[in-house]
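First up is the structure itself, then whatever we jot down about it.
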Amino acid sequence: MLRKFDIAGLSRIWHHAAVCGVMLSLLLSCKGSGPEIPPAPDSGTVIPTPPTPPGPQQKEIEWTLDFEDNFNGSSVNTADWSMYNSAGHSGHGLRRPSAYSVKDGLLVVTAQMIDDKVVSGGMRHRKDYLYPVRFEFKARCEPDPSLAMSGVVLTWPKSGTKEENGEMDVFETGHSNASRKPFSTFIHYRGGKQVQFKHEVDASEWQEMALEWREDALHIYRGGKIVWSITDKNKVPDTMHHLCIQLDAFKDTMEGTVRMYVDYVRIYTGKYKN
């Protein structure tokens with residue numbers, strides 16, 4: 001049976017519908033007025049670099065450039081750097097100052113066979129630092145088909161005792177992958193323990209890296225963005241370290257030559273703001 005409505009009846013229906021629509025809109029707006037909770041980033045998410053990493057425990061830092069080397073000379077500046085003259089990594093080959101050269105604004109360390117021995121190089125910055133400090137550099141390492149050499153830029157404790165005072169390998173290619181993809185960051189801490197982050201990019205191409213070392217955290221930057229943070233204070237070194245640049249041998253023989261290049265090194269010291 002069809003119902004008949006007069007004009008007044010239709011007006012009442014439209015009025016009730018309009019009131020219901022307003023109430024529904026108010027309910028929806030109230031539901032959406034609370035703060036949105038963003039999804040947690042997964043391990044591969046690149047977090048844009050803030051001036052100071054966020055969080056209630058992160059104090060703001062004022063940074064001052066303390067050291068810079070753009071390798072614009074014709075040789076390594078031995079007033080700033082000490083080149084090794086010793087046995088190679090874990091006794092493999094030799095480390096010699098002759099492995100280093102400076103050309104076209106680049107530091108170059110070359111590994112090759114000389115007199116039936118792998119000859120490569122390592123050098124350390126002469127100044128030791130304690131947090132807050134930020135180490136920045138740009139580096140790349142050639143592929144190694146013989147799987148013998150690993151390029152690494154790291155910090156080493158003044159004490160020389162890695163097991164107690166840690167080691168921070170900011171850029172380490174490893175030797176088991178000839179293509180240099182991926183490369184890793186390793187943080188070694190007290191008790192001979194370590195944690196690792198893999199960078200799924202090619203270390204034979206230029207990589208701009210930074211380590212921001214705070215009293216209670218470590219932040220690893222690649223290409224100007226934070227890619228890894230450690231906030232467990234037990235993993236953060238608490239004694240003085242210095243920066244090292246090394247091309248390490250993991251075998252007694254190799255084929256051809258392998259070179260690592262460094263474009264610049266910058267070291268900033270910081271002061272916590274009140």
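Pairs meeting the criteria (first residue in the range 245-274 and touching a residue at least 40 places away in the same chain (Cβ under 8 Å), second residue part of a loop (DSSP other than H, G, I, E, B) and among the charged types (D, E, K, R), beta carbons under 6 Å, at least 6 apart or on different chains) are Val258/Glu142; Val258/Asp144; Arg259/Glu142; Tyr272/Lys59; Lys273/Glu60. Look at (1) in contact with a Pro (Cβ under 6 Å, 6 or more places away or on another chain); (2) surrounded by fewer than 17 Cβ atoms within 10 Å (Cβ to Cβ) and you find that His241 fails only one, number (2).
Regarding Val118, is this residue buried (at least 19 other Cβ atoms within 10 Å of the Cβ), touching a helix residue (DSSP H, G or I) at 6+ places or on another chain (Cβ under 6 Å) and part of a strand (DSSP E or B)?
no
Only a single item in (1) under 12 Å from the mean Cα position of the chain (by Cα); (2) free of Cβ contacts under 8 Å to residues at least 40 places away in the same chain is not met by Trp213, and it is number (2). For Ile220, the conditions (1) in contact (Cβ under 8 Å) with a residue 60 or more places away in the chain; (2) under 25 Å from Leu65 (Cα atoms) are fulfilled apart from (1).
Exactly one residue out of Lys233, Lys198, Lys225, Lys251 is among the charged types (D, E, K, R) and over 23 Å from Arg140 (Cβ atoms), and it is Lys233.
The single condition among (1) out of contact with any strand residue (DSSP E or B) (no Cβ under 8 Å at 6 or more places or on another chain); (2) at pLDDT 95 or above; (3) not hydroxyl-bearing (Ser, Thr, Tyr) that His199 does not satisfy is (1). On the stretch given as the range 198-226, residues that are part of a strand (DSSP E or B), buried (at least 17 other Cβ atoms within 10 Å of the Cβ) and not polar (S, T, N, Q) total 12.
Using the structure shown, decide if Gly223 is touching a strand residue (DSSP E or B) at 6+ places or on another chain (Cβ under 8 Å), at positive phi and not aromatic (Phe, Trp, Tyr).
In short, yes.
Working carefully through the options Lys181, Lys225, Lys235, find the one that is under 10 Å from the mean Cα position of the chain (by Cα) and modelled with pLDDT of 95 or more. Unique residue meeting the criteria: Lys225.
If you check Val102, Val76, Val109 for being part of a loop (DSSP other than H, G, I, E, B), under 17 Å from Val153 (Cβ atoms) and within 26 Å of the chain's Cα centre (by Cα), only one passes: Val76.
Is at least one residue of the range 258-274 out of contact with any Cys (no Cβ under 9 Å at 6 or more places or on another chain), outside any strand (DSSP E or B) and crowded, with 19+ Cβ neighbours inside 10 Å? Taking every residue of the range 258-274 in turn, none turns out to be out of contact with any Cys (no Cβ under 9 Å at 6 or more places or on another chain), outside any strand (DSSP E or B) and crowded, with 19+ Cβ neighbours inside 10 Å.
The set of residues in the range 138-173 being part of a loop (DSSP other than H, G, I, E, B), crowded, with 19+ Cβ neighbours inside 10 Å and either among the acidic types (Asp, Glu) or on the phi < 0 side of the Ramachandran plot (or both) consists of Glu142, Asp144, Ala148, Thr173. Any residue that is basic (Lys, Arg), in contact with a His (Cβ under 7 Å, 6 or more places away or on another chain) and closer than 30 Å to Lys273 by Cβ - is there at least one of those in the range 160-169? No, the range 160-169 contains no residue that is basic (Lys, Arg), in contact with a His (Cβ under 7 Å, 6 or more places away or on another chain) and closer than 30 Å to Lys273 by Cβ.
The values are calculated or read from the model by the stated rules, or taken from the named source; none is laboratory data. Since the structure is predicted, the reported quantities are computational estimates derived from the model, not experimental observations. Here Cβ is always computed from backbone atoms with ideal geometry, including for glycine, and neighbour counts include all displayed protein chains.
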